[in-house]
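Read the structure below first, then the notes.
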Amino acid sequence: MSMKLLPKNETRLYEMTSLIPASLTSEEFEKVKAEILAVLKKYKAEVKNQEDWGKQSLAYTIKKAGTRYDEARYIHWLIEMLPSAVLKIDTDLRHSVTSLIRHLIVLEEKEQPKTEEVAAEPVENEERE
């Protein structure tokens, strides 16, 4: 597989999933979303889509700043931004949005075309004389 170098000003689509404490009121929740949006705007990231996946139990307890979290409210974002902004946004979210439990930014996966599987026909052994 060869590596493709992108021009410095070419944006790419990324997915980000954020975990916000489920115990927050709706006003506090909106404030955290606004803080996340402010960080994204600071680095010229454009939000293409945002989905609130609601409250869900966590697979394991997360301890952050002395608080234990067993459930969180998930928000999924589709963001267009420069590759150089990803690390900056990641670091800024970690340090400036204190109510954010966790977040993960990944490159959006393009759907691969489905290939039809062709069953291999059994090859009969021919006896040689």
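Which one of Ile62, Ile20 is closer than 23 Å to Glu108 by Cβ and not charged (D, E, K, R)? Ile20 is the lone residue from the list that is closer than 23 Å to Glu108 by Cβ and not charged (D, E, K, R). All conditions but one from (1) at pLDDT below 95; (2) assigned to a helix (DSSP H, G or I) apply to Asp92; the one that does not is (1). The set of residues from the stretch 64-75 being of a type in the set (D, E, K, R) and surrounded by 10 or more Cβ atoms within 10 Å (Cβ to Cβ) comprises Lys64, Asp70, Glu71, Arg73.
Table: residues versus (1) basic (Lys, Arg); (2) more than 19 Å from Ala34 (Cα to Cα).
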site	(1), (2)
Thr67	no, yes
His76	no, no
Leu82	no, yes
Ala85	no, no
Lys88	yes, no
Val97	no, no
Leu100	no, no
Ile105	no, no
Lys110	yes, yes
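Highlighted here are the strands (runs of 3 or more DSSP E) found entirely within the stretch 1-81 that include at least 1 residues which are free of Cβ contacts under 8 Å to residues at least 24 places away in the same chain: 46-64, 67-81.
Scanning the stretch 50-63 for residues that are basic (Lys, Arg) and either exposed (fewer than 12 other Cβ atoms within 10 Å of the Cβ) or farther than 15 Å from Leu24 by Cα (or both) yields a single hit, Lys63.
The values are calculated or read from the model by the stated rules, or taken from the named source; none is laboratory data. It should be emphasised that the depicted structure is a prediction, and the values quoted were computed from it without experimental measurement. Positions of Cβ are generated from backbone atoms using ideal geometry, with glycine treated the same way; all protein chains shown enter the neighbour counts.
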